[in-house]
1. By how many nm would the segment from GLU161 to ASP364 lengthen if fully extended, with 0.36 nm per residue of separation less the alpha-carbon distance?
2. With only Lys, Arg, Asp and Glu charged, each at its Cβ (+1 for the first two, -1 for the last two), find how big the charge dipole of the chain is about the Cα centre; round to the nearest 20 debye.
3. Quick one: Cα centre-to-centre distance for segment 23-67 and segment 260-279, in angstrom?
4. What list of ³J(HN,Hα) couplings, whole Hz, do you get for segment 151-159 from phi and the Karplus terms 6.51, -1.76, 1.60, once you set θ to phi - 60° and write x for glycine and proline?
5. Count neighbours as other Cβ atoms within 10 Å of each site's Cβ, and list the GluC sites (Glu not before Pro) in segment 129-221 that are DSSP loop with at most 15 such neighbours.
6. Can you say what percent of the DSSP beta bridges in the chain, counting only those with both residues inside, are antiparallel? Round to 5.
7. Taking K and R as +1 and D and E as -1, what net charge do the other residues with C-beta under 14 Å from the C-beta of LEU276 add up to?
8. Taking the 0 to 90 degree range and rounding to the nearest ten, how far is the long axis of helix 37-56 tilted relative to the main principal axis of the chain, both from C-alpha atoms?
Amino acid sequence: MRVYFDYNATTPVTPEVTQAVLEATNESFGNPSSVHHFGQRAKAALDEARSALAALIHADPSEVVFTSGGTESDNFALRGAVDALAPIGRRQLVASAIEHEAVLNTLKALARRGWRITLIPVDATGIVDPERLKTLVTSETALVSVMHANNEIGTIQPISELAAVAHEHGALMHTDAVQSVGKIPVDVHALGVDLLSLSAHKFNGPKGVGVLWIRRGTRMQPTMTGGKHERNRRAGTENVSAIAGLGVAARLATAKLDAEAARVAGLRDRLEAGVLAAVPGTAVNGARDRRVPNTTHISFDRVEAESLLIALDLEGIAVSTGSACSSGTLEPSHVLRAMGLPTHRTQNSLRFSLGLFSTEAEVDHVITVLPRLVEKLRGLTKKTTSVSVP
Ligand SMILES: Cc1ncc(COP(=O)(O)O)c(C=O)c1O
């Protein structure tokens, strides 16, 4: 049995999405900017997808800008806003310490251009406190960026409260909703944001396509310059095939959202309870009552996460660590560090993220296999320790 519990990394596409991508590739091949029949057919495919996506996030289709994915949307949000706001003297950007690299590394690049960057800490459960934001935002703040749901631990941030603080000081509010769209209800107006990033491959759509939602009237400079595509906001001929796939994925997500959220939460809770009961020395990281329904992040005492990940992979089970391996050294996750977890917990934790095709049989299989692997690895650690410490 092969089990894929790494839906936060990416998701499998549904047969309907594959079909839509194929059809658009073959039949809507015209350039959507062309005036003739072929162009208008491709434009109709874009319009259809734009409406479907707008419905998923309760937005107006005219505010939807197609991009090449979550990374570009985050770059566009930050760089487009700062380019528009620099002339009015706002030189500070505020973001949470647990943002995705697409935001954090863009901020680093902007810091090199002279922008003042302030990171908001999170509490031990991975949540940003709006009261803390109040102490950091000033009349010089151009933009506040806080992710809706975290990709590692799944925690959901109080975006509408944070947006209210940003707006009190005249700053724009951006949220990276890449990990929440398609998993929980997302309503751009209820969130109160000005800019929202999302990515199709996190909700059973194709890779390399996403959206930046821009509230009408928001001052933004395009970061991709060229033709007049996407109402002058993002130049370049649209990826019609992938966008058609995104549209179908959005329709599916809208139709199934509540039922799927409940089903997947049931599976995740079964997995979590099963693992905690079957494996001693385990604990869940992050707020358990404020997270997306598909994610659990569990630490395993006296186990190296990478070793457990590989052992699971050899058994056909795909999960993820929160860590990124850079230049041969294992970097502890910046998310777990920001939560103040002790070093050993930043190195012994695994993320299990479920989704549309996950089943109870898969969950039960993992609960059966995992205790044996953990026991084996703990046995090895004991032996190594007894050799090195005579
Ligand atoms: C929170 C978050 N933001 C941004 C991204 C980047 O999205 P993409 O892979 O579409 O560039 C990801 C992907 O892992 C993510 O989880």
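Laboratory data are not the source of any read-out in this text; all were calculated from the coordinates shown. Worth saying up front: this structure is predicted, and the values here are computed from it rather than measured. Cβ sites come from the backbone with ideal geometry, for glycine too, and all protein chains shown count toward neighbours.
1. 69.2 nm
2. For this selection, approximately 740 debye.
3. Value for the Cα centre distance between the two parts: 38 Å.
4. Once θ is set to phi - 60°, the couplings for segment 151-159 become 6, 8, 9, x, 5, 9, 8, x, 4 Hz.
5. On the way: sites: GLU131, GLU140, GLU152, GLU161, GLU168; in loops: GLU140, GLU152.
Here the sparse-neighbourhood loop sites are GLU140.
6. 55 percent
7. The answer is 0.
8. 50 degrees
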